[in-house]
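A short write-up of the structure that comes next.
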Amino acid sequence: MHVERDFVSLSGKALHDESLGEALDTVASVMPIIRSQALTQLEDFAAARERAREVRDEALNRLDHYLELFEQNVQAMGGHVHWASDDHEACSIVAQLCEEADAKLVTKSKSMVTEEIELAAALEQRGLEVVETDLGEYIIQLRGEKPSHILAPALHVTIPQVIDSFNEHHKINRDRPLEDTDQLLAEARAVLREKFMKADVGITGANFLIAETGGVVVVTNEGNADLTASLPDTHIVVTGIEKVVPTMDDAGLMLRLLARSAIGQRLSNYTSFFHGPRRASDTAGPGAFHVVLVDNGRSNMLGSELQDMLRCIRCSACINHCPVYTAIGGHAYGSVYPGPMGAVLTPGLADLDSARHLPNASTFCGRCEEVCPVAIPIPKLLRHWRKQEFSRHLRPRSERFGLGAWAWINTRPSLYQFVQRVAASILRRLSAQRSDGRWVSQLPGPGAGWTRHRDLQAPAARSFQKQWRERNSGGNT
Amino acid sequence: MSEADPAPIQDLSAGKRVGLLATCLIDTFRPNAGFAAVRLLEQAGYTVEVPVQGCCGQPNFNGGDEQGARQMAVQIMQTFAEFDYVVVPSCSCAAMIRVHYPELFPDDAAAAAKAAALAEKTWELTSFLVDVAQVNGVDAALDATVVLHDSCSGLRELGIREQPRALLGRVSGLQQKELANPDVCCGFGGTFCVKYPDISARMAGKKMADIKAVGPCDVVVSTDLGCLMHLGGSLHREGSGLRVLHIAEVLAGMADGEESD
């Protein structure tokens, strides 16, 4: 999985993007409200969350069993299941299936796994035309970009930018120039409708796989997955091995939490259950039904502390509630999985070295864990990666040395007193350079990060502990 | 001006010794808050001691240096073993001990037991005053409009939300206002604020905008000095006259720092 390594410069660029900032402010102000309103409709969110955690844990603890059961049930309905150990294998399998279907045009509904394995690019390299049919995905496909949010991939794009993209790519003679969103929607719908009708293969993701029925659950708000899955003669589902749940009832529970957590809806506009290819009694539907189960690093997380992350149902509540994400947006993370969930998942699916900033770009405020519908202990898992970075020497030497020295000093409390006194006296000297003498406005070394944006209150002349002991032992310290 | 009923407090506190873990930041930057915490605990009837102490290990724990954090935890466990209670005027340092110390020793049952024992008797200051000492009055006045900045560790690791509000509600003359987004992080985050200063500053900017949106206001109060230094330093940089005070200073009637130098 590809990761852009340069978190610091990407986030710096994002902080200067005003229209992105406005979009993110809307996420930060609106999403928490609509989520919490939707969750109050549930009788007991805490109990539902606990049950959902159990369902996901059961599936992951016996993942081999449930995946094989799922496979048997898909096969019994005339479908096929393919196992892909990594992104290359997954793309090759899909390409092969497209070739067998003699496909030229492929429609796709939104799927983060296909973003992760860069499926569209792989198919295009083999000469296929690939069209994203989720409106947001379609927009960023035209712009040659990656999604900046797992649910709202074009969150960072403005309306004028969409107009530019449509003008550039749609060869349409219009009555009047594109101006408003209704026009944009109508035009996208018309363009995509033609693709839906002509497509040879439709590729969807899956929100859940149901082991006991062999069913594939896909939710959308645009209905594009249904057209993608139903109109072409071949439906290929590409998804991660962790998406399986044991029963239909379990899927029902997960769906109740998913839409509420994601966008404050009781249910998504379209919730579809796909079970195998067209049957003899069916009047429509694909003749061929394939499910490609992608591992791509997931099984390495099984059985470790990171297994908890595989419970994730990609609702994006942690992203919407993250104060870091809503400051910098998704592209800064350099991964198709941004925000708190991405900061845990990306080092697991790619490698820790290239994703090393992501687990550190968190204040551990804990809001992600609080809103997670499957109770993933995200701060704990970020700390897991930080421990690995520390022990594998992936952190800057100055930081390693600093922490080591801090531990050494503090296991000797009287040495701490001495170091504290020296540090305070240096800081006081720096504060004396200012007229009021109470603030430091420029710090050297690692402190420069503080004073780039903030002043530092000058330390007290004598520490609390020193003053305390002077009072309580007649000034004898 | 206190309306406290002293009877139950003295029963709870009689002969009980509290060890104050002052925190590195209060030790260095705001001794007044340390003395204010002592005053509050003494008013509640406890005997307060301040053993020679260093850092609780939170920077190392969050920085991935678990071995260093473990060594520092052992030091703190030893320093505070003898007290009936350990009180910390900081949610994040209190959470380090209460929540994370017990996780640090999976392979050392004896140390894990000591960590659990320390965790059980360790409290953040306002939570201790309300939940343990059952203080229901404070001897303080502050003629000011105040916003409380919640600590994320307090909200989500220690269940501290109402305790500081209840105590501030007892301060004579003090008017509390609520932020629109009280549960959103200010961007301090320990070493986060120097590792990613630009992101941290953006988060502080949003918090300051939230503070300004409450209307006329004199003081930002918090249980955690880290957040306050971050917000106070940001406010000072942009020339704001808003004061930042540790909640102990307000509750002890020491907002004007008479005990500090």
Under 6 Å by Cβ, and 6 or more places apart or on different chains, what pairs join a residue from the stretch A:293-314 that is closer than 15 Å to residue A:59 by Cβ with one that is in a helix (DSSP H, G or I) and small (Gly, Ala, Ser)? A:301/A:348
When the stretch A:156-190 is checked residue by residue, the ones that are among the polar types (S, T, N, Q) and either more than 20 Å from residue A:134 (Cα to Cα) or in contact (Cβ under 8 Å) with a residue 40 or more places away in the chain (or both) are A:158, A:173
Can you give me the number of residues within the stretch B:14-28 that are closer than 24 Å to residue A:426 by Cα and either among the β-branched types (Val, Ile, Thr) or more than 8 Å from chain A (Cβ to nearest Cβ) (or both)? 4
Can you tell me which of A:441, A:425, A:431 is surrounded by 15 or more Cβ atoms within 10 Å (Cβ to Cβ), more than 24 Å from residue B:76 (Cβ to Cβ), more than 9 Å from chain B (Cβ to nearest Cβ) and at pLDDT 90 or above? A:431
Identify, from the list B:156, B:165, the residue that is charged (D, E, K, R), in a helix (DSSP H, G or I), surrounded by fewer than 21 Cβ atoms within 10 Å (Cβ to Cβ) and modelled with pLDDT of 95 or more. B:165
When both residues are 6+ apart or on different chains and their Cβ atoms are under 9 Å apart, which pairs have a first residue that lies in the stretch B:29-43 and is within 17 Å of residue B:12 (Cα to Cα) and more than 10 Å from every other protein chain (Cβ to nearest Cβ), and a second that is part of a helix (DSSP H, G or I) and at pLDDT below 95? B:41/B:13; B:43/B:9
By residue number, the members of the stretch B:89-148 that are part of a loop (DSSP other than H, G, I, E, B) and buried (at least 18 other Cβ atoms within 10 Å of the Cβ) are B:89, B:90, B:104, B:105, B:133, B:135, B:138, B:140
Scan the stretch B:48-58 and give yes if some residue there is over 16 Å from residue A:465 (Cβ atoms) and either touching a residue at least 40 places away in the same chain (Cβ under 8 Å) or in the same structural domain as residue B:170 (by TED's automatic domain parsing) (or both), otherwise no. yes
So residue B:47 ticks every box in (1) more than 9 Å from every other protein chain (Cβ to nearest Cβ); (2) surrounded by fewer than 23 Cβ atoms within 10 Å (Cβ to Cβ); (3) within 22 Å of residue B:160 (Cα to Cα) but one. Which box is left unticked? (3)
Quick count over the stretch A:361-376, residues being more than 16 Å from the chain's Cα centre (by Cα) and surrounded by fewer than 22 Cβ atoms within 10 Å (Cβ to Cβ), is 1
Enumeration of residues in the stretch A:156-177 that are of a type in the set (S, T, N, Q), assigned to a loop (DSSP other than H, G, I, E, B) and modelled with pLDDT of 95 or more: A:158
Which of the residues spanning the stretch B:50-67 are surrounded by fewer than 24 Cβ atoms within 10 Å (Cβ to Cβ) and not in a loop (DSSP other than H, G, I, E, B)? B:59, B:66, B:67
Does residue A:379 satisfy being at the interface with chain B (Cβ under 10 Å from one of its Cβ atoms), free of Cβ contacts under 8 Å to residues at least 40 places away in the same chain and buried (at least 16 other Cβ atoms within 10 Å of the Cβ)? yes
Somewhere in the stretch A:195-216, is a residue more than 30 Å from residue A:88 (Cβ to Cβ) and either in contact (Cβ under 8 Å) with a residue 60 or more places away in the chain or within 20 Å of the chain's Cα centre (by Cα) (or both)? yes
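Let's see how each residue does on (1) more than 25 Å from residue A:275 (Cβ to Cβ); (2) out of contact with any Cys (no Cβ under 9 Å at 6 or more places or on another chain); (3) among the hydrophobic types (A, V, I, L, M, F, W, C):
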{"residue": "A:57", "(1), (2), (3)": "yes, yes, no"}
{"residue": "A:81", "(1), (2), (3)": "no, yes, yes"}
{"residue": "A:97", "(1), (2), (3)": "no, yes, yes"}
{"residue": "A:108", "(1), (2), (3)": "no, yes, no"}
{"residue": "A:121", "(1), (2), (3)": "yes, no, yes"}
{"residue": "A:133", "(1), (2), (3)": "no, yes, no"}
{"residue": "A:140", "(1), (2), (3)": "yes, yes, yes"}
Checking the condition assigned to a loop (DSSP other than H, G, I, E, B), more than 7 Å from chain A (Cβ to nearest Cβ) and touching a residue at least 24 places away in the same chain (Cβ under 8 Å), which residue from B:241, B:253 passes? B:253
Tell me which helices (runs of 4 or more DSSP H) are completely within the stretch A:256-367 and hold 2 or more residues being more than 28 Å from residue A:23 (Cβ to Cβ) and either at pLDDT 95 or above or within 14 Å of chain B (Cβ to nearest Cβ) (or both), or say none if there are none. A:298-301
Qualifying residues in the stretch A:16-60 (those that are within 14 Å of chain B (Cβ to nearest Cβ), hydrophobic (A, V, I, L, M, F, W, C) and surrounded by 17 or more Cβ atoms within 10 Å (Cβ to Cβ)) - the one farthest from residue A:319 (Cα to Cα): A:20
Go through the stretch B:165-206 and report how many residues are within 14 Å of chain A (Cβ to nearest Cβ) and touching a residue at least 40 places away in the same chain (Cβ under 8 Å). 5
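The values are calculated or read from the model by the stated rules, or taken from the named source; none is laboratory data. Values in this document were obtained by computation on a predicted structure and should not be read as measured data. Please note: Cβ atoms are built from the backbone with ideal geometry, for glycine as well, and neighbour counts cover all protein chains shown.
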